[in-house]
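Inspection log for the structure reproduced underneath, given as structure tokens.
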Amino acid sequence: MAQDLVSLTVRCDELAPRLVREAVAELSDMDGVLGDAMLVASELVTNAVRHSSCTRDEFLIVSITRDGWLRISVFDPGRSGHGAEIATRPIELGGMGLKVVEEVARSWGTERRADGYKVWAELELAA
């Protein structure tokens, strides 16, 4: 059975990644993946802020569950109509966040729903 570790609603703005990193940093018993969890959560939230076309008046929903692995998901209003993709080359001062997620996570994916867009990643926990 999945254990809910974090359920957080944050405004879609430049402060969101920091707020999420701080919430993840307070988790205990992370079997050596706390740093990776902070990085992945921050990258997923940053992508949502930069690319989802959400406004400061809208919110992101971040959830982290544990069920044999650590699953981090970020749900945004999905107004951009674009899907999350790994950049093939850096864009401006960044653009490689999902490449980092792909390298760190055991798997990642997306889900478009009528009410928004979710990007998730799963991290292996130490055996």
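What follows is calculated from the coordinates using simple rules that are stated; it is not laboratory data. Owing to the predicted nature of the structure, the values given are computational and were not obtained by experimental measurement. Backbone-built Cβ (ideal geometry, glycine too); neighbour counts: all protein chains shown.
Values as computed for the structure displayed
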{"read-out": "Per-residue Cβ neighbour rank within 10 angstrom, fewest leading, Ile72, Ile61", "value": "Ile61, Ile72"}
{"read-out": "Candidates per GluC sites (Glu not before Pro) in the range 1-64, loop by DSSP, up to 13 other Cβ within 10 Å", "value": "Glu14, Glu26"}
{"read-out": "Normalised contact order of the chain, rounded percent, pairs of Cα under 8 Å and 6 or more residues apart", "value": "28"}
{"read-out": "Most mobile of Gly32, Gly78, Gly68 in a GNM of the chain (Cα contacts under 10 Å)", "value": "Gly32"}
{"read-out": "Charge sum, other residues only, whose C-beta stays under 11 Å from Asp4's C-beta, Lys/Arg counted +1 and Asp/Glu -1", "value": "+1"}
{"read-out": "Nearest-20 debye value, the chain charge dipole, Cβ charges on Lys, Arg, Asp, Glu", "value": "360"}
{"read-out": "Spin-label model distance (nm) - Ala2 vs Leu125, 7 Å beyond Cα toward Cβ", "value": "1.4"}
{"read-out": "Length added when fully stretched, Ser107-Thr55, from 0.36 nm per residue minus Cα-Cα", "value": "15.9 nm"}
{"read-out": "Neighbour-count order for Lys118, Lys99, fewest beta carbons within 10 angstrom listed first", "value": "Lys99, Lys118"}
{"read-out": "Reported label for calculated log10 I(q)/I(0) by the Debye sum over Cα atoms at q = 0.09, 0.17, 0.21 Å⁻¹ given (i) -0.30, -0.92, -1.21; (ii) -0.22, -0.83, -1.26; (iii) -0.34, -0.91, -1.22", "value": "(ii)"}
{"read-out": "Sequence of Arg113, Arg56 once ranked by neighbouring C-beta atoms within 10 Å, starting from the fewest", "value": "Arg113, Arg56"}
{"read-out": "On Cα atoms only, tilt of 16-25 relative to the major axis of the chain in degrees", "value": "0"}
